[in-house]
Amino acid sequence: MTTWVPDVLGDGYEQTTIPLGDDPDGEGQVEATLVRYQPPGVANFDRAVIYVHGFTDYFFQRHIAEHFAAKGYAFYALDLRKCGRSRREGQTAHFVTDLAMYDAELNEALSLVRAERADAPVLLMAHSTGGLVLPLWLNRLNRREGGSSGLGLAGVVLNSPWFDLQGPPAIRSVGTAAIGVIGRFRAKTPVPGGGLDTYGLSLAASEQGEWDYDLDWKPLAGFPITFGWIRAVRHGHAELHRGLDIGIPSLILRSKVTHFSRRYSSAVDAADAVLDVRQIARWAGCLGDRTTIVPIEGARHDVFLSTEDPRARAFEEMDEWLEWLHRGESTDHASGKDHSESGHIS
């Protein structure tokens, strides 16, 4: 039986721990945390959503949960192993040497949601590194199941997914080769040149932004990027670039422009200060199935943490796409169409 306890986000939010056993990377016992939003007085939802965060991140975005709840979705969010609520003393924040390790908590989270919402189509949602982790998992699920039929997954929303390494071409060629060597033998060694707080300053209410969150779980300058972790990410990028088949339609939301800066300025508030949006656009077609890509003028790296106008536009674009997705579900259900062939799963 699943035990839910009050979550740090307050009224309506609960969490449960997902034990994952011994860490393959040797940092003791690992676990993940599933958060759910249960608004007072609301018991029935006809759909569900599972949200997955990015690097130097965890789930704190109440406004996303409340938006989905208002639209009839039971909302769940997963803090991955060694991230946010799930990190334990002595563990290296966000550290894994293979992104496929996350399959364990993703599988279990889906099973828990299925146990509570057996007949509800499940929408998936992810940000940044989570936007790479989720498609890789979906590709493995789709391949293992021989199609998406029966999984109950309806679609996926990717918010500024990390599809390639930013920077000059040499970083993605010679640099990746060096990462591969160092990451194998010195996995926990930090990559030089990290620690910029530009993006964090633009978000945090204690600085230039409007968002309240735990700075121990999401520090302004980010957690150190280790060679072993970035090696795992580059392996994930390579797999994506060879082409995936995630088996469900996807919506990709991103900023229209990138603005890298070592110092905070107002320009950081209207651009992606973390990823190169051209790389997102370049590789979006590698997901398979039907893909919709929407650049959001003035959006930040996390489009749902943008300033008011682009944030509203991001929600509008997502809601419009969800209406299209729901029409497809209704049509397929009425016609008895095989969802594994249509790409719509309910």
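Would you check if there is a residue in region 110-133 being of a type in the set (S, T, N, Q) and in contact with a Ser or Thr (Cβ under 7 Å, 6 or more places away or on another chain)?
Here is the first cut: in region 110-133, the ones of a type in the set (S, T, N, Q) are 111, 128-129.
Now restrict to residues that are in contact with a Ser or Thr (Cβ under 7 Å, 6 or more places away or on another chain): 128.
So far as region 110-133 goes, yes, one or more of its residues are of a type in the set (S, T, N, Q) and in contact with a Ser or Thr (Cβ under 7 Å, 6 or more places away or on another chain).
Applying a threshold of 8 Å to beta carbon distances and a minimum spacing of six or more residues, or different chains, the list of pairs starting in region 242-261 at a residue that is free of Cβ contacts under 8 Å to residues at least 60 places away in the same chain and of a type in the set (A, V, I, L, M, F, W, C) and ending at one that is in a loop (DSSP other than H, G, I, E, B) and open to solvent by less than 50 Å² (accessible area, probe 1.4 Å) reads 257/271. Within region 61-80, being open to solvent by 10 Å² or more (accessible area, probe 1.4 Å) and either within 15 Å of the chain's Cα centre (by Cα) or without any contact (Cβ under 8 Å) to a residue 60 or more places away in the chain (or both) holds for 62, 66, 69, 70, 72. Inclusion of residue 218 among residues that are assigned to a loop (DSSP other than H, G, I, E, B), among the charged types (D, E, K, R) and either crowded, with 19+ Cβ neighbours inside 10 Å or in contact with a Cys (Cβ under 7 Å, 6 or more places away or on another chain) (or both) is warranted. Scanning region 99-131 for residues being touching a helix residue (DSSP H, G or I) at 6+ places or on another chain (Cβ under 7 Å) and farther than 24 Å from residue 21 by Cα gives a total of 4. For region 85-119, a residue qualifies if it is of a type in the set (Gly, Ala, Ser) and free of Cβ contacts under 8 Å to residues at least 24 places away in the same chain, and the qualifying residues are 111, 118. Looking at region 34-58 only, could you name the residues that are modelled with pLDDT of 95 or more and of a type in the set (Phe, Trp, Tyr)? Within region 34-58, 37, 51, 55, 58 meet the criteria. Applying the criterion of being surrounded by fewer than 18 Cβ atoms within 10 Å (Cβ to Cβ) and under 20 Å from the mean Cα position of the chain (by Cα) to the residues of region 10-32, the residue that is nearest to residue 184 (Cα to Cα) is 17. Filtered by the rule that a residue be of a type in the set (A, V, I, L, M, F, W, C), in a loop (DSSP other than H, G, I, E, B) and open to solvent by 30 Å² or more (accessible area, probe 1.4 Å), region 231-283 gives 257, 260, 274.
Every listed requirement among (1) modelled with pLDDT of 95 or more; (2) surrounded by fewer than 23 Cβ atoms within 10 Å (Cβ to Cβ) is met by residue 94 save one, (2). The residues of region 133-147 that are at pLDDT 95 or above, surrounded by fewer than 24 Cβ atoms within 10 Å (Cβ to Cβ) and among the aliphatic types (A, V, I, L, M) amount to a single one, 136.
The values are calculated or read from the model by the stated rules, or taken from the named source; none is laboratory data. Everything numeric here is computed off the predicted structure, so don't read it as measured data. Note that we place each Cβ from the backbone using ideal geometry, even for glycine, and neighbour counts take in every protein chain shown. Just the protein is used for accessible areas: all its heavy atoms, side chains included, with ligands, DNA and RNA removed. Shrake-Rupley method; radii C 1.70, N 1.55, O 1.52, S 1.80 Å.
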